[in-house]
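The structure appears right after this line, and notes come after that.
The values are calculated or read from the model by the stated rules, or taken from the named source; none is laboratory data. A quick note: this is a predicted structure, and the numbers were derived from the prediction, not measured. All Cβ positions, even for glycine, are placed from backbone atoms using ideal geometry, and neighbour counts span all protein chains on display.
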Amino acid sequence: MGEASALLTLSDLLCELGRFVEALELNRRALDLTRETGSRIGEAQATATYGNKFLTLGRPTEALEFFRRGLDLARQTRFRQLEASALGNLGDSYAESERTDEAREHFRQSLALSEEIGYQPGVTFALIRLGKLEADAGRLEEATRALDGAARLSRELGIPGIQVQAAARRALLPGGDPRAASELLNSLAPRIGESTRLHAQWWLWLATHDRTRLEEAGRLVDALVAKAPPEYRTSIVEGVRVHRAILWAVQNARSSGALRQVDQEGLREGGVPD
């Protein structure tokens, strides 16, 4: 499992850097290795990370198949932390496909299992997932409760990405604090990934209408598309809801002269024109 684990770590790093072809290849090698060695836990982990990469690439249907397989493998291992994580992954693919009820059910199952076994990181991740889902669904009381819980636990456990997500998404709800969320994002930016920064910038733009937030969110989407292989550029734009929303907002803000133009033909082709 040591070699497979190292391959997965490198694969995740390459994915964060936008080097998707290399990331997928290393993930495939790790998955093959776990199968060769008969490591069910390793295979479950490699299958889940494969699914996460397809979700990043805007392919939720393909991700869903990996996540279903990952959940089956996690249950075979009886490693319940892994099962809780797999339930959350499945919920992510349902949420991206706008299958809200199914996403909610899987997030709740992940939360209940994490609480049952005392797995606090799992509780934190389930709460942030539920908070974002319920906020998008307009269920403000449920969203506030989940986001506040995620914020508290992520501070206690030292999970900066969840801290930033919780604060930024909470800024859009009654009682939220956009200024504090902005300060938190700025202070923790070196410790969080690009996906978290992208989402946080988008939510803070929605909360404050600070054009620099939208500019930065658009820049991050542009960079992601530019680094992706041609076969994934369309899905990265069209298959990820937040990317579509950001580019639509950029396009509608272009008349101010503060943002560069994004033409509709470029969006249909899956890229962001220069």
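Listed here are the residues, each with its yes/no results for (1) closer than 18 Å to SER195 by Cα; (2) surrounded by fewer than 17 Cβ atoms within 10 Å (Cβ to Cβ).
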site	(1), (2)
GLY2	no, yes
GLU16	yes, yes
SER39	no, no
ARG80	no, yes
HIS106	no, no
ALA112	no, yes
* For SER114, indicate whether it is under 19 Å from the mean Cα position of the chain (by Cα) and not assigned by TED's automatic domain parsing to the domain that holds LEU82. => no
* Asked: What do you reckon, is ASP101 within 21 Å of LEU133 (Cβ to Cβ) and over 18 Å from the mean Cα position of the chain (by Cα)?
  -> yes
* Listed residues VAL221, VAL237; which is farther than 25 Å from ARG139 by Cβ, in contact (Cβ under 8 Å) with a residue 60 or more places away in the chain and either of a type in the set (D, E, K, R) or surrounded by 13 or more Cβ atoms within 10 Å (Cβ to Cβ) (or both)? -> VAL237
